Structure formats: structure tokens, C-alpha cells
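The values are calculated or read from the model by the stated rules, or taken from the named source; none is laboratory data. On a predicted model such as this, the values are computed, not experimentally measured, just so you know. So basically every Cβ, Gly included, is an ideal-geometry build from the backbone, and we count neighbours across all protein chains shown.
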Amino acid sequence: MRGFRTLATPAKYVALVAYLVFLAFPLLWLISTAFKPPQEMALIDPTIIPAEPTLDNFRLAFEQQPLARALLNTLIIAGTSALVTVLLSIPAAYVMARYRSALSRMTMLWVLLSQMFPFILVIIPLFLLLRDAGLYDTQLGLIIVYVVWSMPFALWMLRSYVVGIPVELEEAAAMDGAGKLRTLKDIVAPLLVPGVVAAALFAFVSAWNEFLFALVLLRTPELQTISLTLVKFIGAEGVARLGPLAAAALVATIPSLVFFAIIQRRLVGGMLGGAVKS
Amino acid sequence: MSATATARRPATRPTEPKRKGFLGLDRDGLLLAVPALIPVVLFSMYPLLRGIYLGFTDAEAGRNSQTSFTGFDNYTQLLGDSYFWDSFRIGLIWAFCVTVLQFFASLGLALLLNQKLRLRWLARTLALVPWAMPPVVIGIMWRLVYHPNAGILNSTLKDLGIIDSNVEWLSSLSLALPAVIVVGVWSGMPQTTVVLLAGLQSVSEELKEAAAVDGAGPWQRFRNVTWPALRPIVTAMTTLDFIWNFNSFSLVYVLTEGGPGGSTRLPMLFAYEEAFRYGNYGYAAALGNAMVLVIAVFVVFYLRRRYREEG
């Protein structure tokens with residue numbers, strides 16, 4: 001067995017390197033393009049490492065398009081959505097974990113069902129609904145939509161955190177005369193902090209990265225999110241504009257990269273836990 | 001003690017079914033759950049039901065237009081619409097290719113990552129990065145890679161002597177769909193890899209060692225020990241991947257907007273255009289219903305076969 005392993009090892013490394021190239025190549029090219037001056041862009045033999053790296057593309061990206069405005073808009077929308085999502089989800093997740101009710105099963109069913117349906121079925125009525133409520137083309141409208149669509153998953157996540165808290169703690173609090181709300185606020189909530197952070201980050205990143213809802217529900221340029229602004233960037237694709245485009249795309253990725261850097265370690269373990277439980 | 005006792009009493013006392021409350025919750029429970037329930041019902045369940053209904057009406061954009069129930073008119077119209085057949089054919093090709101390629105690519109990577117190799121940390125980190133990127137950024141990044149004049153792909157292939165002149169990857173009728181599929185595989189690999197890796201790590205080491213002692217080679221060990229343990233996860237994952245891929249929108253919208261000549265117009269892109277470019281809400285919703293039907297048929301068929309095979 002050992003002998004076979006050492007024989008097979010070179011083949012494994014070849015495969016691993018092939019994967020690394022496939023995964024990393026586009027990323028390196030994006031980073032490289034973002035730091036390249038225009039005259040290097042259309043060379044016959046382009047290099048991965050720019051000969052004269054420059055930050056000009058970033059400056060141009062912020063000058064040519066309302067990038068700063070879009071980043072601020074997205075920050076407001078994603079931040080508010082994340083906050084509201086967890087505030088609404090904590091009590092509901094507690095109920096799902098502690099009551100033996102139809103609610104938990106219904107939520108699970110909804111998590112699955114909402115994955116199955118094409119967005120087009122939801123987005124037309126949502127568009128009509130928000131338009132009639134005067135919320136079309138407002139940040140509030142988009143926030144509502146994001147809250148609703150990240151809630152099932154947030155609920156599911158938080159529920160498993162509540163289950164992990166020993167019931168005895170709550171029983172002790174109830175013995176001392178604390179009501180349900182009081183128990184939730186003083187005993188459960190403080191212990192839920194890691195779960196709340198994870199759920200909030202998840203909601204933030206899904207809102208930050210989202211494109212289709214924003215495309216349909218926002219029109220005013222001053223309100224647009226980063227994804228919409230980036231797509232506008234694409235338009236006329238002169239070679240000279242590729243640098244700023246890459247730079248802007250890179251800036252837009254930072255929040256989600258930070259998020260994944262934080263949760264990377266937990267990711268594999270968390271998915272494993274979920275797989276076994278369900 | 002009393003906290004759980006009060007919580008569970010309604011569910012376990014059959015003598016008072018009326019007082020059980022909504023969904024088996026008492027007053028406190030309802031109070032806590034309702035703030036989350038109301039928005040979900042109002043902004044996702046209700047729109048979904050209304051969307052399904054819209055598929056049976058002639059709803060159109062414009063405030064003055066009247067909407068009336070038209071039964072199956074939209075669907076007879078769909079059956080005679082060549083754009084509909086094209087986009088569903090493309091959608092199925094896309095969803096199948098991406099799901100299958102993604103599965104094999106991810107399985108290979110997960111098997112490698114499950115072993116003690118150098119550079120494993122790097123591959124692990126890189127394998128997660130596509131997950132962290134907004135779909136719009138992934139689209140832009142691959143546009144840069146595929147760019148006919150300034151893209152790295154053309155210049156690399158020319159250096160290797162595989163092509164002589166620059167290829168227009170995303171604006172060629174025959175190459176656009178395969179090119180887009182590669183991007184689909186790239187962007188979906190992390191999730192599948194992580195899930196498969198988690199599955200691999202749950203396979204019992206003792207069982208594998210026992211098989212090795214009995215003289216099973218690596219292939220036999222994979223076939224007889226690892227694969228059976230992995231199978232339920234594989235079924236769930238490929239089913240979900242297929243659904244997600246069939247419903248996908250943003251990536252291809254950014255890469256090609258459905259072009260050239262509709263050769264990458266996935267069902268969602270077609271429906272989006274119908275709804276928000278031409279204002280045919282009813283027709284677009286009917287397309288959505290047709291998508292649900294296709295997904296349901298494939299999923300039921302696939303799952304039934306899967307479970308029959310497993311006995």
C-alpha cells in the first residue's frame with residue numbers, strides 16, 4: 001500500500017497543479033489587468049506580472065463612474081438588510097428550536113422550495129407589489145426583498161445554534177421567574193453571538209453580491225448598487241477601459257473576500273455538521 | 001423545567017385542540033415568530049403564488065392595461081414559439097454540462113484535498129475563492145480572460161501553437177455556449193467541492209483500512225467503500241446543482257447577455273427579456289411555470305431512478 005502511494009504521488013501532484021492553474025489563472029489575470037498601464041494592455045505577448053504596475057486604473061475607475069456612490073449605496077443596503085434579517089430571525093429561530101411546532105418543518109420546506117423556483121416567478125409580482133406600494137426604485141424596497149430572501153437560510157443557521165445551547169440554562173432562568181422574552185434577551189441572545197455574526201455576514205454578502213433583484217427594482221443611477229455599476233462599466237469595451245473595469249471589479253470583491261477569510265475554517269466543518277444532521 | 005413544560009404542553013395535550021394555537025405555538029411563541037413570518041408571507045410566498053397565477057393571464061406592462069384570466073393560452077403560444085424551444089434546449093444543455101462537469105471536477109479535487117499533499121492549503125483556499133466573488137465580478141473576470149485582443153487565453157494558446165489567430169470566444173455562434181459553460185463550472189466548483197470533501201471526511205477510515213488489508217486496490221476501495229458512503233450526498237448535491245444551473249441568470253447575462261444570436265439565451269434570460277424589455281408579464285410568468293415543470297420532471301425522474309438503484 002505504501003509502495004503504491006509513492007508511485008501514484010507524482011500523478012496526484014500533476015492533477016493538483018492543473019487544478020491550481022484552472023482556479024487561479026483567471027484571478028491572477030484580473031489582478032494583473034487591474035494594475036497594468038493602458039500601453040501594456042494590448043501587447044502581443046502580455047505578461048501576468050505588469051512591467052510597470054500602476055494604481056492609475058483605480059483612480060480612473062473612481063473618476064469615470066460613480067463607484068464611490070455605488071459602494072456607499074451597497075453598504076447601506078447590505079448593512080441594513082443584514083441587521084434587520086438577524087433581528088427578525090433570532091426570536092423566530094428560538095421558537096423553531098424550542099417549540100415542537102409545524103413552524104420548523106414549514107421553514108425547512110420553504111428553504112428547499114424557494115431554491116427550486118425560478119426567480120422570474122417571484123420577481124414580476126414583487127415588482128408590481130413594490131410599485132403599487134410606492135417602493136419601486138427605492139433602497140427600502142430592495143432592503144425588504146433582501147431581508148425576506150436571506151431569512152430562510154438565516155433562520156435555519158440560527159436554529160442549529162439555539163439547539164446547541166443547553167435547555168437547563170433557560171429552565172434555571174424560568175425557575176427564577178424570568179418570562180420567555182426575558183430569557184431570550186438575557187440568557188439565549190448573549191450565547192448566540194457567534195451564530196448571529198455568521199448569519200449577519202451571510203445576509204450581508206448575499207445582498208452585496210446580488211444582481212437580478214437590483215437590476216429589476218432600481219432605476220435611478222444615484223441609487224444603484226455596485227453590481228449594476230459594474231455591468232454599466234462593461235458597455236463599450238475599448239482596450240483602454242479594461243484596466244479601470246478590472247480595478248473596479250476587484251474593489252467590489254473585497255467585502256466578500258474578507259467574509260470568506262473569516263469563516264473559511266468553519267466552512268468545511270459547518271457543512272459537514274449540516275450534512276450529518278439532515 | 002417549567003420553561004420546556006409550558007412550551008411543549010400545547011403539542012402534547014390532545015384534550016384541548018382548540019387552544020393549541022396557530023401552528024402549535026402558544027402566545028409567547030407566536031409573538032416571537034410573527035415578526036419574521038409576516039414579511040416572508042407577504043414578500044415571498046404571496047408573490048410566488050401570484051407569479052404562478054400570472055402565468056395563466058395576459059398581464060402586460062402599462063398602468064391602464066387590464067389583466068384577464070386566459071387559461072392555457074400562454075402555453076399554446078409557448079409551444080409554437082421557436083425562441084422558447086431554443087432557450088429551453090440551450091438551458092438544458094447548459095444545466096447538464098455544467099452539473100456533470102462540475103461534479104467530476106469537484107470530485108477529483110475533493111479526493112486530492114482529502115489526502116496529505118503539499119500545497120493542499122493553497123488549493124483549499126483557491127477552491128473557495130470563486131464562492132466569495134459576486135457573479136458580476138466573475139463574469140467580468142472571464143470577459144477579460146476571453147477578450148479577443150487583450151485576453152490571456154488567446155495569447156497563451158498562440159504561444160502553445162494551438163491557434164494561429166485570435167478567437168472571438170464569446171461572440172462566436174459555436175464557441176459562446178462552451179465558453180460560458182466553462183465559466184459555469186469554475187464558479188460552481190467551490191460549493192460542490194466543499195460538500196463532497198465533507199462527505200469524504202465522514203467515510204470511515206477503519207473500513208478503508210480493512211478493505212486494504214483484504215487486498216483491495218485504490219479503485220476497489222473507492223468503488224466499494226467510499227462511493228456507497230458518498231452516494232446520498234452526491235444525489236442531493238447534483239440535484240440542487242442542476243436546479244440552480246437551470247435557473248441561473250447573472251453570470252451569463254454579464255458574459256454574453258444571451259448572445260450571439262441567442263446562442264446562450266438561457267430560459268431565465270429569455271423570461272427576463274419578455275418581462276422587463278417587452279413588458280409581457282403573463283407570458284414571462286408562463287415561461288417560469290414551464291421552467292418549474294421541467295425541473296420537477298427531471299428531479300422526480302432522477303431521484304426515482306437513484307433510489308431504485310439503491311434498492
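Structure notes:
- In summary, B:Glu257 fulfils each of the numbered conditions (1) in contact with a Phe, Trp or Tyr (Cβ under 9 Å, 6 or more places away or on another chain); (2) under 21 Å from A:Ile234 (Cα atoms); (3) free of Cβ contacts under 8 Å to residues at least 60 places away in the same chain with the single exception of condition (1).
- Which listed residue is of a type in the set (Lys, Arg), out of contact with any Asp or Glu (no Cβ under 8 Å at 6 or more places or on another chain) and either buried (at least 19 other Cβ atoms within 10 Å of the Cβ) or at pLDDT below 90 (or both), from B:Arg308, B:Arg231, B:Arg277, B:Arg265: B:Arg308
- Against the test of being under 25 Å from the mean Cα position of the chain (by Cα) and more than 8 Å from chain B (Cβ to nearest Cβ), the options A:Leu72, A:Leu23, A:Leu60 yield a single qualifying residue, A:Leu72.
- Some residue of region A:30-37 being within 7 Å of chain B (Cβ to nearest Cβ) and on the phi < 0 side of the Ramachandran plot: yes
- Condition check for A:Ile49: crowded, with 21+ Cβ neighbours inside 10 Å, in contact with a helix residue (DSSP H, G or I) (Cβ under 8 Å, 6 or more places away or on another chain) and within 14 Å of chain B (Cβ to nearest Cβ): no
- The residue list B:Thr57, B:Thr4 contains one member that is buried (at least 16 other Cβ atoms within 10 Å of the Cβ), β-branched (Val, Ile, Thr) and modelled with pLDDT under 65, which is B:Thr4.
- Being surrounded by 23 or more Cβ atoms within 10 Å (Cβ to Cβ), more than 10 Å from every other protein chain (Cβ to nearest Cβ) and among the polar types (S, T, N, Q) is a condition met by at least one residue of region B:189-203.
- Search result, residues across region A:165-182 that are surrounded by 13 or more Cβ atoms within 10 Å (Cβ to Cβ) and not acidic (Asp, Glu): A:Ile165, A:Val167, A:Leu169, A:Ala172, A:Ala173, A:Ala174, A:Ala178, A:Lys180, A:Arg182
- Any hit, region A:134-144, residues being within 10 Å of chain B (Cβ to nearest Cβ), part of a helix (DSSP H, G or I) and either among the charged types (D, E, K, R) or within 30 Å of B:Thr238 (Cβ to Cβ) (or both): no
- Test: A:Asp56 is touching a residue at least 24 places away in the same chain (Cβ under 8 Å) and either loosely packed, with under 15 Cβ neighbours inside 10 Å or among the acidic types (Asp, Glu) (or both): yes
- Considering residues of region A:234-251 that are surrounded by fewer than 21 Cβ atoms within 10 Å (Cβ to Cβ) and at pLDDT below 90 only, the residue nearest to the other protein chains (Cβ to nearest Cβ): A:Val239
- Filter result for B:Ser106 (farther than 30 Å from B:Phe222 by Cβ and either out of contact with any strand residue (DSSP E or B) (no Cβ under 7 Å at 6 or more places or on another chain) or buried (at least 17 other Cβ atoms within 10 Å of the Cβ) (or both)): no
- The single residue among B:Asn224, B:Asn289, B:Asn245 that is over 20 Å from B:Cys97 (Cα atoms), buried (at least 18 other Cβ atoms within 10 Å of the Cβ) and assigned by TED's automatic domain parsing to the domain that holds B:Val183 turns out to be B:Asn289.
- Residue count, region B:212-266 (criterion: in a loop (DSSP other than H, G, I, E, B) and among the charged types (D, E, K, R)): 3
- Any hit, region A:109-117, residues being touching a residue at least 60 places away in the same chain (Cβ under 8 Å), part of a helix (DSSP H, G or I) and in the same structural domain as A:Val188 (by TED's automatic domain parsing): no
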